[in-house]
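**Student:** One structure, pasted below without further comment.
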Amino acid sequence: MIMRRTPWWQYAIAVLAGCLLSVGVTKVAENIQFDMLGAPIVVSVVMLVMGLVVLGLAIQVRIYARTDPKKRTRRLDPERAVNTLILSKALGLAAAFLLGWYGVQLIIALPHSDAPYYAGAIRECAIAAAVSLIDMIIGIISEWFCQLPPDEGPENPKIKERQRQQRRLARGGVAKRS
């Protein structure tokens, strides 16, 4: 199975989806007089810790993948490496969605910054949006860290070049014989 890097446009769609859903939910919440603005600081702290854990796992995968196979002291479970890649992708896309969500809430609350309640909500949304941006960047970097270098299989550029040279020599050898 070949896993590909998450394209940039998927992050853009996730941010846009977060924005649209946030606008819709905020409008509905205003109509029924239910408060949805802001995010407790604990949420931002948990989001940041989750991002750092994923980054730590991705660094372990990168170190293992970049170490010469003859010099490796321990084996990395392939399932753990794949799970780290999946976590990286999920973190990046979820953080992009939350960036849109908290970004819109921040924009909606800004005109009411004079009120003490909205000032607190603005602070909470700004922190949550910043942490979401950090997590999105961590997700993208972690996904990049989980890329394995090409092995010596048929897709390796060195192997492909060697095959091309062999074909050229075979053609050249055939041409000289005739």
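The values are calculated or read from the model by the stated rules, or taken from the named source; none is laboratory data. All values derive from a computational prediction rather than experimental measurement. Counting neighbours? That spans all protein chains shown, and the Cβs are built from the backbone with ideal geometry, glycine included. For accessibility, only protein heavy atoms count, side chains too; no ligands or nucleic acids. Shrake-Rupley method; radii C 1.70, N 1.55, O 1.52, S 1.80 Å.
**Student:** Scanning the stretch 9-35 for residues that are more than 15 Å from G100 (Cα to Cα) and not basic (K, R), which turns out most open to solvent (accessible area, probe 1.4 Å)? Reasoning before the result, please.
**Tutor:** So the first thing to find is which residues in the stretch 9-35 are more than 15 Å from G100 (Cα to Cα), and the list is 27-35.
Okay, now just the ones that are also not basic (K, R), so 28-35.
Working: V28: 87, A29: 6, E30: 101, N31: 130, I32: 116, Q33: 169, F34: 123, D35: 91 Å².
For the stretch 9-35, the residue satisfying everything is Q33.
**Student:** Another question, then. Report, by residue number, each residue of the stretch 70-100 that is open to solvent by less than 50 Å² (accessible area, probe 1.4 Å) and either over 27 Å from Y11 (Cβ atoms) or β-branched (V, I, T) (or both).
**Tutor:** Listed by number, the residues that qualify are L76, T84.
**Student:** Next question. From G103, G173, which residue is at pLDDT 85 or above, part of a helix (DSSP H, G or I) and not aromatic (F, W, Y)? Outline the logic, then answer.
**Tutor:** Details: G173 fails: at pLDDT 85 or above.
Checking each option against the conditions leaves just G103.
**Student:** I'd like to know if the stretch 145-161 contains one or more residues that are surrounded by 13 or more Cβ atoms within 10 Å (Cβ to Cβ), modelled with pLDDT of 85 or more and not in a loop (DSSP other than H, G, I, E, B).
**Tutor:** Looking for residues that are surrounded by 13 or more Cβ atoms within 10 Å (Cβ to Cβ), modelled with pLDDT of 85 or more and not in a loop (DSSP other than H, G, I, E, B), one finds at least one in the stretch 145-161, hence yes.
**Student:** When you check V45 against the structure, is it among the β-branched types (V, I, T), surrounded by 13 or more Cβ atoms within 10 Å (Cβ to Cβ) and at pLDDT 95 or above, yes or no?
**Tutor:** Values: among the β-branched types (V, I, T): yes; surrounded by 13 or more Cβ atoms within 10 Å (Cβ to Cβ): no; at pLDDT 95 or above: yes.
Here the answer is no, as V45 does not meet what is asked.
**Student:** Turning to a different aspect of this structure: Go through (1) part of a helix (DSSP H, G or I); (2) of a type outside the set (K, R); (3) under 14 Å from the mean Cα position of the chain (by Cα) for T6 and report which single condition fails.
**Tutor:** (1)
**Student:** Something else now. If a residue must be surrounded by 12 or more Cβ atoms within 10 Å (Cβ to Cβ) and either in contact (Cβ under 8 Å) with a residue 60 or more places away in the chain or in contact with a Phe, Trp or Tyr (Cβ under 8 Å, 6 or more places away or on another chain) (or both), how many such residues does the stretch 53-69 contain?
**Tutor:** So the count comes out to 8.
**Student:** With closer than 28 Å to S22 by Cα, within 21 Å of the chain's Cα centre (by Cα) and of a type in the set (G, A, S) as the only criterion, which of A109, A96, A119, A81 stands out?
**Tutor:** A96
**Student:** Still on this structure, please answer the following. For the stretch 9-57, name all the residues that are of a type in the set (V, I, T) and in a loop (DSSP other than H, G, I, E, B).
**Tutor:** To start, the set of residues in the stretch 9-57 that are of a type in the set (V, I, T) comprises 13, 15, 23, 25-26, 28, 32, 41-43, 45-46, 49, 53-54.
Matches in the stretch 9-57: I32 only.
**Student:** Based on this model, can you work out whether K27 counts as modelled with pLDDT under 95 and either of a type outside the set (S, T, N, Q) or over 19 Å from I140 (Cα atoms) (or both)? Reasoning before the result, please.
**Tutor:** Numbers: modelled with pLDDT under 95: yes; either of a type outside the set (S, T, N, Q) or over 19 Å from I140 (Cα atoms) (or both): yes.
For K27, the condition - modelled with pLDDT under 95 and either of a type outside the set (S, T, N, Q) or over 19 Å from I140 (Cα atoms) (or both) - is met.
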